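Have a look at the structure below, then the notes.
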Amino acid sequence: MDADIAQIYSERQIDGLKPSYVMELLRLHASGPMTIAELAESVQRTHSALSQKVAAMRTAGWVQTVVGDDARTRKVTLTDKARRIVDRLAAEWRATEAAVAELDAEIPYPLTQVVADIERALERRSFHDRIAAKLAEDPAWG
């Protein structure tokens with residue numbers, strides 16, 4: 001699905017944008033500049049994960065960090081490059097949500113339920129542990 005969304009961006013000459021950046025870009029557009037901690041909380045991610053993502057988004061030119069309310073804090077804000085396309089990103093987000101709802105209607109098992117079931121299964125035993133157990137059984141892994 002992400003590859004198809006990336007293709008949509010490419011078709012519109014939105015280069016260098018990863019689908020995984022869009023939620024944060026839309027949140028910054030709606031709420032204005034935020035610290036990494038505030039942004040992480042708003043998208044329900046860890047500070048560490050968001051810090052890494054913001055660094056990648058900054059390198060790609062979608063966000064910048066500016067001095068916050070005092071000299072000790074930094075806030076993440078959209079660049080002009082991001083502001084120019086954010087309305088199109090909001091349209092893509094709405095279209096993606098509608099496409100997911102359409103898929104849900106076509107299959108007997110809702111995608112949202114699939115995600116919830118997978119999360120519960122991974123809470124019982126992580127994907128890492130599952131892979132490691134399979135590798136322990138494989139002599140080629142040695």
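The values are calculated or read from the model by the stated rules, or taken from the named source; none is laboratory data. Model, not experiment: these values are computed from the prediction. Here Cβ is always computed from backbone atoms with ideal geometry, including for glycine, and neighbour counts include all displayed protein chains. Please note that ligands, DNA and RNA were not included when accessible areas were found on the heavy atoms of the full protein model with its side chains. Shrake-Rupley method; radii C 1.70, N 1.55, O 1.52, S 1.80 Å.
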Could you list, ordered by first residue, the pairs with Cβ atoms under 9 Å in which the first is in the stretch 91-111 and in contact (Cβ under 8 Å) with a residue 24 or more places away in the chain and within 23 Å of H29 (Cα to Cα) and the second is open to solvent by 70 Å² or more (accessible area, probe 1.4 Å) and aliphatic (A, V, I, L, M), at least 6 apart or interchain? E92/I8; T96/M1; T96/I8
Residues being in contact with a Ser or Thr (Cβ under 8 Å, 6 or more places away or on another chain), open to solvent by 80 Å² or more (accessible area, probe 1.4 Å) and aliphatic (A, V, I, L, M) - total across the stretch 60-79: 1
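Quick grid of which residues meet (1) at pLDDT below 90; (2) of a type in the set (V, I, T):
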| site | (1), (2) |
| --- | --- |
| A55 | no, no |
| V63 | no, yes |
| D70 | yes, no |
| R84 | no, no |
| L89 | no, no |
May I ask you to verify whether I5 is assigned to a loop (DSSP other than H, G, I, E, B) and either open to solvent by 60 Å² or more (accessible area, probe 1.4 Å) or modelled with pLDDT under 95 (or both)? no
E97 being over 15 Å from the mean Cα position of the chain (by Cα) and acidic (D, E): no
Out of (1) open to solvent by less than 40 Å² (accessible area, probe 1.4 Å); (2) out of contact with any Pro (no Cβ under 8 Å at 6 or more places or on another chain); (3) over 21 Å from A6 (Cβ atoms), what's the single condition that is false for M57? (3)
Selection status of P139, loosely packed, with under 10 Cβ neighbours inside 10 Å, under 30 Å from D4 (Cα atoms) and either in contact with a Gly (Cβ under 7 Å, 6 or more places away or on another chain) or of a type outside the set (F, W, Y) (or both): no
All positions within the stretch 9-41 that are open to solvent by less than 40 Å² (accessible area, probe 1.4 Å), under 19 Å from R83 (Cβ atoms) and either among the basic types (K, R) or outside any helix (DSSP H, G or I) (or both): I14, L17, G32, M34
If you go through the stretch 8-20 one residue at a time, do you hit one that is without any contact (Cβ under 8 Å) to a residue 24 or more places away in the chain and touching a Ser or Thr at 6+ places or on another chain (Cβ under 7 Å)? no
